[in-house]
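> Below is a structure I'd like to ask you about.
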Amino acid sequence: MKKLVYDPSVTLSYGLWVCPQCGAQFYGGERTMHRDGCPLLPNTLDYSGLEFHFGPSQVERAKEHAAFFKDTSKEWYGISVNILREQFPELAS
């Protein structure tokens, strides 16, 4: 399970992956990105141990997505209204 982090400085409508070990940031895809010397570097396909940072724009998109599909479990790049309610209730309303 990925660790979710609400970060108001993330202005994209999709999230940002951050390695808490080395501080590398990237937008996702097939391989992970790390800085030289990072202990997570040998396995560049494994997203476990990384944080998924999302911001206000992604929260709004998740809410719009849920309203459109009339389904609060529908995710927008990994965030859904149900996830917000469970982990970030202050953002769900």
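The values are calculated or read from the model by the stated rules, or taken from the named source; none is laboratory data. Note that the structure is predicted; figures quoted are calculated from it, not measured. Note that we place each Cβ from the backbone using ideal geometry, even for glycine, and neighbour counts take in every protein chain shown.
> Could you count how many residues in region 56-76 are of a type in the set (Phe, Trp, Tyr) and either loosely packed, with under 13 Cβ neighbours inside 10 Å or within 14 Å of Val5 (Cβ to Cβ) (or both)? Spell out the reasoning first.
Step one: filter region 56-76 for residues of a type in the set (Phe, Trp, Tyr), giving 68-69, 76.
Still in the running and either loosely packed, with under 13 Cβ neighbours inside 10 Å or within 14 Å of Val5 (Cβ to Cβ) (or both): 68-69.
The total comes to 2.
> Next question, about the same structure. Those residues that are surrounded by 17 or more Cβ atoms within 10 Å (Cβ to Cβ) and either more than 20 Å from Asn82 (Cα to Cα) or hydrophobic (A, V, I, L, M, F, W, C) (or both), I need them from region 6-32; list them, please.
Listed by number, the residues that qualify are Val10, Leu16, Trp17, Val18, Cys19, Ala24, Thr32.
> Within region 28-75, can you find the residues that are at pLDDT 90 or above, more than 13 Å from the chain's Cα centre (by Cα) and among the hydroxyl-bearing types (Ser, Thr, Tyr)?
Thr72, Ser73
> How many residues does region 1-48 contain that are touching a strand residue (DSSP E or B) at 6+ places or on another chain (Cβ under 9 Å) and among the hydrophobic types (A, V, I, L, M, F, W, C)?
Result for region 1-48: 11.
> Have a look at Asp36, Asp7 and point out the one that is among the charged types (D, E, K, R) and in contact with a His (Cβ under 9 Å, 6 or more places away or on another chain).
Asp7
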